[in-house]
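Below: the structure, in structure tokens.
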Amino acid sequence: MRKSIATGVMTLIPVLLLSGVALAQSAPVESLRGAEVDELVPLNQVHKNVEGRMQRNYRQQPPLIPHSIEQYQIDVRTNQCLSCHDWTKAGERNAPTLSMTHYLDREGRELDRIAGTRYFCNQCHVPQADAPALVDNVFQPSSGN
């Protein structure tokens, strides 16, 4: 009896999986950006960059990038952000320097170069944009207390 129940369950599992996949395939996909999933939307129609610095919304928020980074190369060999923002060049380029936390390794030791964990700037920093919210947001910044 137990063997027949186990066999029945084992034959039922693939049927349920296949029907679940078929159901998922038939469900319509809705895009948050108001276009079909495979439709190309020109970037300038989605948002415009905002020049000048925007205020941060909360303490410890990574600063937003107040300029376009469209043609910037950031990969294992090159990080164009560092050509202006590294502490050795920021003064002459009139650019904000990186926080000293970017020069600490995982153990908290100071380095002469940017830490590998902070090398890919756009993991945390994004360009400022005048973009519509994709979802409603009720976030209120802290009062500073």
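The values are calculated or read from the model by the stated rules, or taken from the named source; none is laboratory data. The model shown is predicted, which means the values in this text are computed figures rather than measured ones. Here the Cβ positions follow ideal geometry from the backbone for every residue, glycine too, while neighbour counts run over all protein chains shown.
The test for being at pLDDT 85 or above and either of a type in the set (A, V, I, L, M) or not in a loop (DSSP other than H, G, I, E, B) (or both) holds for I69. On the given criteria, is R77 of a type in the set (D, E, K, R) and touching a residue at least 40 places away in the same chain (Cβ under 8 Å)? So R77 fails the test. Being among the acidic types (D, E) and over 30 Å from G34 (Cα atoms) is a property that D105 has.
Here's the yes/no breakdown for (1) of a type in the set (V, I, T); (2) within 15 Å of H125 (Cβ to Cβ); (3) out of contact with any strand residue (DSSP E or B) (no Cβ under 9 Å at 6 or more places or on another chain); (4) at pLDDT 90 or above:
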| position | (1), (2), (3), (4) |
| --- | --- |
| R56 | no, yes, yes, no |
| Q61 | no, yes, yes, no |
| R77 | no, no, yes, yes |
| T88 | yes, no, yes, no |
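Among all positions in the stretch 102-112, there is no residue which is closer than 22 Å to Y58 by Cβ, of a type in the set (S, T, Y) and either in a loop (DSSP other than H, G, I, E, B) or modelled with pLDDT of 90 or more (or both).
Put simply, of N44, N137 the only residue that is modelled with pLDDT under 85 and either in a loop (DSSP other than H, G, I, E, B) or touching a Lys or Arg at 6+ places or on another chain (Cβ under 9 Å) (or both) is N137.
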